[in-house]
1. Could you check segment 94-121 and list, in sequence order, the residues that are more than 17 Å from G161 (Cβ to Cβ), in contact with a helix residue (DSSP H, G or I) (Cβ under 8 Å, 6 or more places away or on another chain) and assigned to a loop (DSSP other than H, G, I, E, B)?
2. Consider segment 153-181. How many of its residues are of a type in the set (D, E, K, R) and more than 18 Å from R57 (Cβ to Cβ)?
3. Go through the residues of segment 238-253 one by one and say whether even a single one is more than 30 Å from T195 (Cα to Cα) and loosely packed, with under 15 Cβ neighbours inside 10 Å.
4. Using the structure shown, decide if R7 is basic (K, R) and open to solvent by 30 Å² or more (accessible area, probe 1.4 Å).
5. When residues of segment 110-163 are filtered for being without any contact (Cβ under 8 Å) to a residue 40 or more places away in the chain, open to solvent by 40 Å² or more (accessible area, probe 1.4 Å) and either within 20 Å of R67 (Cβ to Cβ) or of a type outside the set (S, T, N, Q) (or both), how many remain?
6. Please count how many residues of segment 34-93 are of a type in the set (A, V, I, L, M, F, W, C) and in a loop (DSSP other than H, G, I, E, B).
7. Keeping to segment 265-323, report how many residues are within 23 Å of S235 (Cα to Cα), open to solvent by less than 30 Å² (accessible area, probe 1.4 Å), of a type outside the set (G, A, S) and not in a loop (DSSP other than H, G, I, E, B).
8. Is it fair to say D166 is closer than 29 Å to R113 by Cα, at pLDDT 85 or above, open to solvent by 10 Å² or more (accessible area, probe 1.4 Å) and out of contact with any helix residue (DSSP H, G or I) (no Cβ under 6 Å at 6 or more places or on another chain)?
Amino acid sequence: MICVDARTDDLQEGDRLEWWRERTRRSIFSSTINCDRAEGFHATARAVDLGGIVVSRLSYSSISWVRSEKQVRQSDPEQLVLALSVRGRLGLAMPGKQQVLSAQEFTLHDTSRAFRGWTSEETCRPAVQILVQVPRSIVPLRSNPIDQLIAEPIPGAEGIGAVVTDYLVRLIDQAPHFRPDDSARLSTVTVDLVTALLAHHLDGAAAVPPERHQEALYARVLHFIERHLGDPQLSPRMIATAHGVSLRYLQQMFQREGLTVAARIRQRRLDRCRTALAEPRQRPYPIHLIARRYGFTSNAHFSRLFNATFGLSPSDYRRSMQP
């Protein structure tokens, strides 16, 4: 888990808005941001990365932004973004739809869509929002029902909305006190709560078919494996525990590939090492450091596996990829 705090107060006033534009582009999605009072722009942010699930609290002056069709084509992380307006007003507009949210309301948007947005301060205090960024592939809901909620107001002060609001506020506040091994559990809880909130405002039975549960869980497990390849402790049991399923159920999910979970982990580690060994930028790094980066703790074991899989030793393969 990574918790990062940032604030524009640490920058020269003339650099603040451009810094915020670049930060938003890298950490959320590409858009064009404008501010009527760039000289007085102020912002703070805390981002908590739970292994691909990112929860952020943003506080900033009134701004507007546009995510164009061109920006969608150029860069689409294929995420659902659940936004909670904590203070101030939040507006979203897309073809045929426009909403203005007040405090304690959620709305949903999709990075695969173009839209316009804006925020306004409240009594000279910055607007505050909490964003939850979730890969669309791991939310176990049908696409068509989800689309019905895009840019619609979702209550955040009562019922399940209040539960999700309280959870997100506490998650952000307490993030510096979490341990690294809390990340997987909190990632699962966060996705489950987002799913529950959305399903509550849809026809739950139609929105969450049984097969989508398993598909979404499988996607989450694959996502988890990719994010933790560098952890030597990554194992089928660790994965099963992090996702609240039995080891047997986890192994059954992987039967579709004809691989065991351990074989999948080994295969992805070797693939990532092979890619790194072929990259010119990675040539200064010794082979044993690249292997360790992806979870191999024994150089001899790594070399044997690499040779058996690709037909060349790691050093011979690296040489064969050089011009």
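1. Scanning segment 94-121 gives T111, S112, R113, A114.
2. The total comes to 3.
3. No, segment 238-253 contains no residue that is more than 30 Å from T195 (Cα to Cα) and loosely packed, with under 15 Cβ neighbours inside 10 Å.
4. Values: basic (K, R): yes; open to solvent by 30 Å² or more (accessible area, probe 1.4 Å): yes.
When the stated conditions are applied, R7 passes them.
5. 7
6. Qualifying residue count, segment 34-93: 5.
7. Residues that pass the stated criteria total 7.
8. Values: closer than 29 Å to R113 by Cα: yes; at pLDDT 85 or above: yes; open to solvent by 10 Å² or more (accessible area, probe 1.4 Å): yes; out of contact with any helix residue (DSSP H, G or I) (no Cβ under 6 Å at 6 or more places or on another chain): yes.
Considered against the rule, which asks whether it is closer than 29 Å to R113 by Cα, at pLDDT 85 or above, open to solvent by 10 Å² or more (accessible area, probe 1.4 Å) and out of contact with any helix residue (DSSP H, G or I) (no Cβ under 6 Å at 6 or more places or on another chain), D166 comes out as yes.
The values are calculated or read from the model by the stated rules, or taken from the named source; none is laboratory data. Treat the numbers as computed from the prediction; the structure is a model and nothing was measured. Glycine also receives a Cβ, built like all others from the backbone with ideal geometry; neighbour counts cover every protein chain displayed. Please note that ligands, DNA and RNA were not included when accessible areas were found on the heavy atoms of the full protein model with its side chains. Shrake-Rupley method; radii C 1.70, N 1.55, O 1.52, S 1.80 Å.
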